[in-house]
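Here the structure comes first, spelled out in structure tokens, and everything after it is commentary.
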Amino acid sequence: MTSSPQKSAFSKHTQEQIQQPSTTANTNDENPYGQMSLTARLLVFLLVPSATGLIGLFSSFLQSTRTPPEGQEPHTIDLDRDFMTPFLLGLAFVIVIGFQTGGFRVAGGMT
């Protein structure tokens, strides 16, 4: 009864949507903010892990400058423990965030 005018209005709307180009299928040229450039990705993959590794190494250096209490050995700097472990954890963090965001894409640029 009243559903036939609604169906025709709905079918007109559907036909209009089919004829219009999709706004979600933008290429990177049309939407420059949709995805990070390769240079930016490389910087993220190098800077974040390197910064965490250097912070770990620096904190170990600060700990080694303190005089240990009586009966304890002085702190030694270990490159594997102090730099590589935070570096690898930072790298894993960046990789997981990269997968979760679809390659560091903006929410509007994901298809």
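Nothing in this text is a laboratory measurement; each read-out follows from the coordinates by a stated rule. None of these values were measured; they are calculated from a predicted model. With ideal geometry, Cβ positions are generated from the backbone for all residues, glycine too; neighbour counts draw on all protein chains shown.
Side notes on the structure shown:
- Separation in nanometres of the label points that stand 7 Å from Cα toward Cβ, at PHE10 and ARG41: 4.1
- Extension reserve of the THR65-LEU79 stretch, reckoned as 0.36 nm per residue once the Cα distance is removed: 3.4 nm
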